Amino acid sequence: MAAAPRRTAHILAVGVAEQSLAHALASSGATGYVLTILDGAAKPTAPRPALQADIIVAELQPGEANRRFLAECAAAARFGLLTFCPDGTKPDSSVPGILVTETELAEGLATLLAQMAASAASDRADSEPPTHQGAAPSAMPDLAESLMSLTQSLDPGDDLPHFLDGLSNDLRQLLAAEVVEVELSSPPQHSRSPRRADLPSAPLSLKDLAQHSASALQRRLPGGNWQLLLPLRTPRRTLGVLTVVGREQFSGTTLLALRFLAGQVAARLDIVRLSLEHRRSLDELQAISDIGRSMMATFSLDRILDMIVHTALRFVPKASRAVIHMPDDARENLVPQAQAGDPEGAASLVLPWGKGIAGRVAQERRPIYVPDAASHPDFVAGTTFVRSLVVAPLLLGQAVIGTLSISSPARDAFGERDIRILSSLASQAAVAVENARLHSQARKADEVAALYELGQALNSSLDLQQTVTTILSSARSLTFASAAEVRLVSPVDESLEAVIALGDRPQSMPGDRYRMSVLYPRLALERKQPLLVEDTLTFELNDEFCRHEPPTWLRSYLGIRLETAQRVVGILSLGSDSPGAFSSEDLRLLRVVAGQAATALSNARLYDQATQRLREAEALARVSRSIAASFEQASLLQSVVDTVLGTIGLASHSFAYLLPNEGKPMLAAQAPALSDGENGPDTGVWEWCADGCLVRGQPVSIEDTLRHGFPSLRSSGPHSVMAVPMVAGGKLVGVLGADSSLPNAFSQGDLHLLQAFADQAATAVESARLFNDLNRAYRDLARSTETLSAVFDGITDGMYIVDSAGKLVMVNEPEAAFLARQPESLAGADYAAYYHSSGGSCEHCTVMEALATGTHQSLIISYVNPEGHQTWREIDAYPIRDREGLTDRVVVFTRDVTGRRRMEASLYESSKLASIGQLASSIAHEINNPLTVIIGNAEVLLLDIPEDSPLRDTIEMILRAARRAARIVDNLLNLSSQRDYEMSEVDLEANLQEALELVGHPLRRANIQPELSITEDVPLIVASANHLKVVWMNLLLNARDAIVRSGRTPGKLSVTV
């Protein structure tokens, strides 16, 4: 295929600095070339075809090798060799090529390029350039067509980064390149698609050279790859650089396609840039319009001016400072009224009207841009930091009411957009400034009237509350504040005391109340000057509470000291829910108000000090009345804490602890009182203060709990706490305290008042405790009396008390029943009338002896009861002594001992029987021996005597009598032996018969006839026969005794089984 006609010049640079070459090409005005740069650090030793180019620029270096290389370059250059002398000196003419210095390089390039263009004979030497990346010649049209198709598909859309990434990836794959990189300078964007992650990017200096080149720049890299840099340019500007790294040199056809692709990319990117600028302009106009509405929404001139200069810096990023100049009253000078930006920027000078650049703008009523202020004839030098400057007039109709200027330490820093934005902002500002001025003039008339009314109102009353309310109402009406209050200052040590506020302020959280009522007033007091906080969110203070409790509604604050010639009487505080709500004009008005208010407040304070003591006395009197009205400890302590909470202005809670006999203090009352199910406050800090009071016996005051290690109280708990001991009669009985959700809330006056309440409460608590102890003693005594009475009446024995006068004091019911009287009728009766006996011993004698001797006396007497039976009565008299140890009463115990006496007689009888039993045992042994002989001999005789012998009956009679006697003796032995229980089957009839035989003699002596009746079929029982026999004998003898006592002898004793 025939080569196409040459369209570009191929320039080869060897060892020439990139910056020098770029400057020379730009100065020569060359276009339509391909630039290839070879590294000059290593002398080229490539064969002649590698040096083929239209124009070669090579650096002259010492040495013969360089001369030979230059000779090769001269032979290889089609239109000429430019030998570059970097030091500016030219050697002899024997050096090959055209010798040029750095300043002559541009002229040399222009001359050779002109000769090349004028030559009629086209140089065909490079018509067959090396193929791209080793591809065959037949593949080149397909590659070009692919590049052209890629060009036609370019569509940046709205997502510029995504478009650049896609372009880099597609182009790298299409060219089989190592790296494709796109870097834009406006807008700043970068996209890189490497085949491997370790492939380096082109240096910035080379990218800068490519942007200034007319066409393309191609160079061989040290690793053997070739790097091509194509500028992304439009007719108006250079947008960036397209970089492609391949393994071989890029061919002419590929270069043409890539150059066309770069041009299309630049054109589409320029459209995107224009679209972005258009959108940004719309956004800026909308923002300026919003700023204009914000400026129209306020009438504070200072705030408007400050808003203007900060907005100018916001929309012109290259500006380092913004200043507003306004004419003075005589319109002779332009005076700086507001400025913002770099504090080391342009100093704001007072400029004569019509002088300087700002003066000229005011005179000509049009914006002026000065790219280099130092070279401008109207610039008034005030500092070296101003290089470029834009000044726009604040026009109201045709009248100039000021100028708005922006400056930068860089030359030519601003463009048309910046000038347009500044002009729009100045137009908005002029209207807002004029509105503020008109409003200020209208306000002055209202202020004069308000100040006059304030003076009249302050002189009409000495009431502190009414005076402060008048001051606060006037201050709010003059400044449009959301809240106003006065914090009084102690005349003793200038500490903050009570707060008096208007009742319609916004609902405050702890962060608002602390700043409004504590922190900012204290700062104004300590700094001895007004305090203006434009925005509480940005007002930096090293305060722990503020860091954890941000403000909710309080956004700006203005505070001023109310002071007379002698002292500070208070701090006037104003708060607003809008940042920057207060201006210097508000401060001026407050100074006027403060002058009148301080004197009125001082007079009212003196009057209030007298009435304050009266109010405190009344509060204490109310507490005293509550205490006197009740001895119930809980109710009187609740009354005290309620009064404390209502009297101390900044208190959030009040509390009282009582000290028990043992253990830790106990919370006895708190205000406000908790309803059912309500969670109370955290009482940890209360307990800590109560313990401190009880240990030291002195008041405890905490200004800020966060500084005392209570981090859990940061949000909702108390931040100021004071507690005082309650002492009555030198005895510590408890602790009374109060807390506040604000730090530093309490003054010394509050502490003294709390101590006065504590003294009253201590006396009341001790009185209530004594009253309760007395009541408890009375109740114990009543219970003891009741108990004693119950015991007295519950004793079954007789009991009565006789005093020293011989009168009955008390008689229990058993004793009254013995006397056949009621206990009530016997109280106070004469003792002798009931107990005296004319003859012998009697109770009367025993009782009188106990009274006389003071010793225990005891007596048993016998008498016949009304039923005619003999009865025994035991009397014990015990003396009762008084405190002096004298016997003044006798308690007498009586009991019926008849049963005991009879039992004693029975025991006596039993003992006699036991003795008889022992005697019978001895006798039985003695009798048993002859009985054995009699029975034995009788049995022998019966064996020897015939059946018909008349002696036989006599012998059998003897034998029966002897056996009966033996059986009786055996029973006596069994009875007296008291052997252990031997359980066996026992015949009841036989056992009972044996018992009757043993007691037969006593029964006969008592003239009693026993009758035994045994039913049939009585079964055998298991028992101890001897012990069962004793039971029968005891029953029979007891029955005998009963018959004898009844007087019914002779009698009959029936035993039925």
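Here the Karplus curve 6.51 cos²θ - 1.76 cosθ + 1.60, taken at θ = phi - 60°, turns the phi angles of region 816-828 into couplings of 4, 5, 4, 8, 6, 9, 8, x, 5, 6, 8, 5, x Hz, with x standing for Gly and Pro.
Quote the FRET efficiency, to the nearest 0.05, computed for Tyr778 versus Glu544 with a Förster distance R0 of 35 Å and r equal to the Cβ-Cβ distance.
Values: r = 56 Å, r/R0 = 1.61.
Once rounded, the FRET efficiency stands at 0.05.
Work through the residues other than Ser654 whose Cβ is under 14 Å from its Cβ and net out their charges, Lys, Arg +1 and Asp, Glu -1. Net local charge, Ser654 excluded: -3.
Between region 806-839 and region 1001-1057, the C-alpha centres lie 46 angstrom from each other. With 0.36 nm allotted per residue and the present C-alpha distance subtracted, the Leu502-Glu947 stretch has 145.3 nm of extension available. Each of Trp686, Trp553 was scored by other Cβ atoms within 10 Å of its Cβ. Arranged with the fewest first, they read Trp553, Trp686.
Using 0.36 nm per residue, how much length does the chain from Ser578 to Ile880 gain when fully extended, once their Cα-Cα distance is taken away?
On the way: separation 302, 0.36 × 302 = 108.72 nm, distance 9.03 nm.
Contour length minus Cα-Cα distance gives 99.7 nm.
When Phe84, Phe792 are sorted by how many other C-beta atoms sit within 10 angstrom of their C-beta, beginning with the fewest, the order is Phe792, Phe84. Using C-alpha pairs under 8 Å with a sequence gap of at least 6, the mean separation divided by the residue count of region 630-774 gives a relative contact order of 26 percent. The H on the amide N of Gly240, modeled in the peptide plane, is under 5 Å from the matching H of Ser185, Leu232, each at least 5 residues off or on a different chain. Would you mind checking region 404-431 for residues with the amide N under 19 Å from a putative spin-label position 7 Å along Cα→C-beta of His310? Only 404-407, 422, 425-426, 428-430 pass the distance filter.
Order these peptides, 946-955, 806-815, 927-936, by their mean beta-carbon neighbour count within 10 angstrom, highest first.
On the way: 946-955: 10.4, 806-815: 19.6, 927-936: 13.8.
Output ranking for 946-955, 806-815, 927-936: 806-815, 927-936, 946-955.
By how many nm would the segment from Leu788 to Ser804 grow when fully extended, if each residue of separation counts as 0.36 nm and the alpha-carbon distance is taken off?
Values: separation 16, 0.36 × 16 = 5.76 nm, distance 2.15 nm.
So the extension gain works out to 3.6 nm.
Each residue of region 664-670 was assigned a 3J(HN,Hα) from its phi angle through the Karplus curve 6.51 cos²θ - 1.76 cosθ + 1.60 (θ = phi - 60°); the sequence is 7, x, 10, 5, 9, 7, 8 Hz, with glycine and proline shown as x.
For region 461-612, what relative contact order do you get, as a whole percent, if you take Cα pairs closer than 8 Å and at least 6 residues apart? It would help to have the intermediate numbers written out before the result.
Values: 274 pairs, mean separation 44.1, N = 152.
Normalised by residue count, the contact order of region 461-612 is 29 percent.
Working ranking of peptides 1036-1048, 640-652 by packing, defined as the average number of other Cβ atoms within 10 Å per residue, highest first, is 640-652, 1036-1048. Other residues whose C-beta falls under 12 angstrom from the C-beta of Ala216 contribute a net charge of +3, scoring Lys and Arg +1 and Asp and Glu -1. Here the calculated FRET efficiency for Ala374 and Asn333, from their Cβ-Cβ distance with R0 = 22 Å, stands at 0.40, rounded to the nearest 0.05.
Among Ser1013, Ser275, which comes first, second and so on when ranked by fewest other beta-carbon atoms within 10 Å?
Numbers: Ser1013 8, Ser275 12.
Neighbour counts put them in this order, fewest first: Ser1013, Ser275.
Set the Förster radius R0 to 60 Å, insert the Cβ-Cβ distance between Ile1021 and Arg696 as r into 1/(1 + (r/R0)^6), and round the FRET efficiency to 0.05. Provide the component values of the computation, followed by the final result.
Details: r = 89 Å, r/R0 = 1.48.
E between Ile1021 and Arg696, to the nearest 0.05, is 0.10.
Read the figures in this text as sums done on the coordinates, not as results from a lab. Everything quoted here is computed from the prediction, not taken from an experiment. As a convention, Cβ positions derive from the backbone with ideal geometry for all residues, glycine included, and neighbour counts pool all protein chains shown.
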